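Input: a single structure, listed below in structure tokens.
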Amino acid sequence: MRSFPARATVDLAAIRANVQRLREYAGAAEVMSVVKADAYGHGLVPVARAAREAGASWLGVAQLSEALALRGAGDTGRLLAWLYAPGAGLADVVRADVDLSVPASWALAEVRAAAAEVGRPARVHLKVDTGMGRGGQFLPEWSALLHEAVVAQQEGLVEVVGVWSHLARADEVDHPSVRAQRDVFDEAVRLAEAAGAHLEVRHLANSAATLTEPAVHYDLVRPGLATYGLSPLPGTEPSRLGLRPAMRLEARLALVKRAPAGQGVSYGHTYTTRTDTQLAVVPLGYGDGVPRHASNAAEVQVGGHRYRIAGRVCMDQLVLDIGEASAVAGDRVVLFGPGDDGEPTAAEWAEAVGTINYEIVTRVGARVPREYLG
Ligand SMILES: *Cc1c(COP(=O)(O)O)cnc(C)c1O
């Protein structure tokens, strides 16, 4: 915290412990640690290494660029990438030995062309939409995709190693949609095997389903959020799941000064001091991923006390009304962390801002240095 007065510390020992815990939940299924979006803001390469050390036999990313970054950093394990648009240039990804999701016929055609160019078969996971209403094919169109994939396999251009899908409502424990999606998934797998696919992995479970629904673990589970020690189940603390939050966002106060009663604070003067007081300037703002919706809403911790943000969050800074606290410029302010020293958690920030804990950690900006512990 010298040239930049804030940092996100990431506890890699917590990441490893969380992955180990998730392996226990997974039982006989393998674990794919999902490290998309810069590992939910925690840092792609260090998190990927920690996850591998803790026994994640697979890694999962959304973008091809993320998969190539992992290969560039020396990761050689099984790795799935699932999001791309036509013309992405799949040859580099096939050459890098990355498994690819195939959500549609156009994607299969591009994978075939890439495999032909590289001169070796591409491993693909066919994506079925079992009810999420997002990626993959719905069951009526599934057989056509299967047929094309099996033809490509016979040509030696692809190996259909996986069938996969994603759950819409696994965070609502025992929600009937989970069973309904499982039934569709079972049918999709049956059709794939009947068409001649020899599946290595069938996978459906995100963090919530990994933690609560063994019936959908199949051969592989894909926890993202829980890897970072955050709970996907609203109202359930991470500690109750055996998880520990890995990220702490902290800064050093850039200024503490006296202000009179009746002083408007920050843009628009949406906060006014009630008494003679002290204002403290925190050098983090929406340019660093602090949501502007946190204005007058979220709390931070200084010197063991919590203060609600006073007035609007600006691009680079926000302000606290700290009363007669003895804080001085340079003192540490914690925006969120695991919560065991009384600091707010990412879940509390999410609640204050009207979003989910996923977004609070993932949006921490590239400008904020990450420091790794453990
Ligand atoms: C992000 C993502 C996951 C991980 O979800 P969590 O809720 O963070 O566990 C798993 N599968 C797919 C397809 C995803 O996009």
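The values are calculated or read from the model by the stated rules, or taken from the named source; none is laboratory data. Values in this document were obtained by computation on a predicted structure and should not be read as measured data. Note: ideal-geometry Cβ built from the backbone for every residue, glycine included; neighbour counts use all protein chains shown. Just the protein is used for accessible areas: all its heavy atoms, side chains included, with ligands, DNA and RNA removed. Shrake-Rupley method; radii C 1.70, N 1.55, O 1.52, S 1.80 Å.
Quick notes
- Order of exposure, largest accessible area first, which applies to GLU351, GLU117, GLU213 with probe 1.4 Å: GLU351, GLU117, GLU213
- Farthest positive-ward along the range 247-373 dipole, Cα basis, beta-carbon charges - from ALA346, ASN357, PRO260: PRO260
- Taken about its Cα centre, the chain carries a charge dipole of roughly 940 debye when the Cβ of each Lys and Arg holds +1 and the Cβ of each Asp and Glu holds -1.
- ASP186-SER65 FRET efficiency (beta carbon distance; Förster radius 30 Å; 0.05 resolution): 0.35
- Rounded to the nearest 5, the antiparallel percentage of DSSP beta bridges internal to the chain is 45%.
- Backbone geometry of the range 34-48 corresponds, through the Karplus equation with coefficients 6.51, -1.76 and 1.60 at θ = phi - 60°, to 3J(HN,Hα) couplings of 8, 10, 5, 6, 6, 6, 6, x, 8, x, 4, 6, x, 5, 4 Hz, x marking Gly and Pro.
- Carbon and sulfur %, accessible surface of the chain computed with the full protein complex present, 1.4 Å: 50
- TYR271 contributes an accessible area of around 60 Å² to the protein surface, as traced by a 1.4 Å probe with all chains present.
- When only the Cβ of Lys, Arg, Asp and Glu is charged (+1, +1, -1, -1), the dipole of the range 247-373 relative to its Cα centre reaches about 380 debye.
- Area of PHE336 that stays accessible when all protein chains are in place (1.4 Å probe, Å², to 10): 10
- Estimated Rh, the chain: Kirkwood, alpha-carbon pairs, angstrom: 22.2
- 5 angstrom amide H check on SER295, placed H, neighbours 5+ away: VAL313
- Note on VAL151 and ASP174: with the Förster distance fixed at 41 Å, the Cβ-Cβ geometry gives a FRET efficiency of about 0.50.
- Label point at ARG367 placed 7 Å out along Cα→Cβ; residues across the range 1-41 whose backbone nitrogen lies under 15 Å: 3-8
- Spin-label model, GLU117/ASP92: points 7 Å from Cα along the beta carbon direction are separated by 1.1 nm.
- The range 74-232: relative contact order in percent, alpha carbon pairs under 8 Å with at least 6 residues between: 17
- Calculated FRET value between SER326 and ARG292, using beta carbons and R₀ = 25 Å, to 0.05: 0.25
- Long-range amide H partners of GLU30 with built H, under 5 Å: LEU220, VAL221
- Residue list for the range 151-167, given a label point 7 angstrom along the Cα-to-Cβ vector of SER143 and an amide N cut-off under 16 Å: 151
- Residue-wise HN-Hα couplings along the range 339-353, as the Karplus relation 6.51 cos²θ - 1.76 cosθ + 1.60 with θ = phi - 60° gives them from phi, are x, 7, 9, x, 6, x, 9, 4, 5, 5, 4, 4, 4, 5, 9 Hz; Gly and Pro carry x.
- Converting phi to 3J(HN,Hα) with the Karplus coefficients 6.51, -1.76 and 1.60 and the offset θ = phi - 60°, the range 213-230 yields 10, x, 5, 10, 6, 6, 9, 7, 10, 10, x, x, 3, 5, 4, 8, x, 9 Hz in sequence order, with x at every glycine or proline.
- Of the residues ALA54, HIS203, ALA116, the one whose Cα sits farthest toward the positive end of the charge dipole of the range 12-229, with +1 on the Cβ of Lys and Arg and -1 on the Cβ of Asp and Glu, is ALA54.
- Sum of -39500 (n - 2.57) over DSSP H runs of 4+, divided by residues of the chain (222 nm, nearest 500): -9000 deg cm²/dmol
- Solvent-accessible surface (1.4 angstrom probe) belonging to TYR372, in square angstrom, nearest 10: 80
- Between ALA28, ALA208, ALA251, the GNM of the chain built on Cα springs shorter than 10 angstrom shows ALA28 fluctuating the most.
- Unit Cα scatterers, Debye sum, the range 247-373: log10 I(q)/I(0) for q = 0.20, 0.23 Å⁻¹: -1.14, -1.49
- Residues whose placed amide H lies under 5 Å from that of GLU371, excluding near-sequence neighbours: ALA8, THR9, VAL10
- Calculated over the range 139-296: convex hull of Cα atoms, volume per residue (Å³): 207
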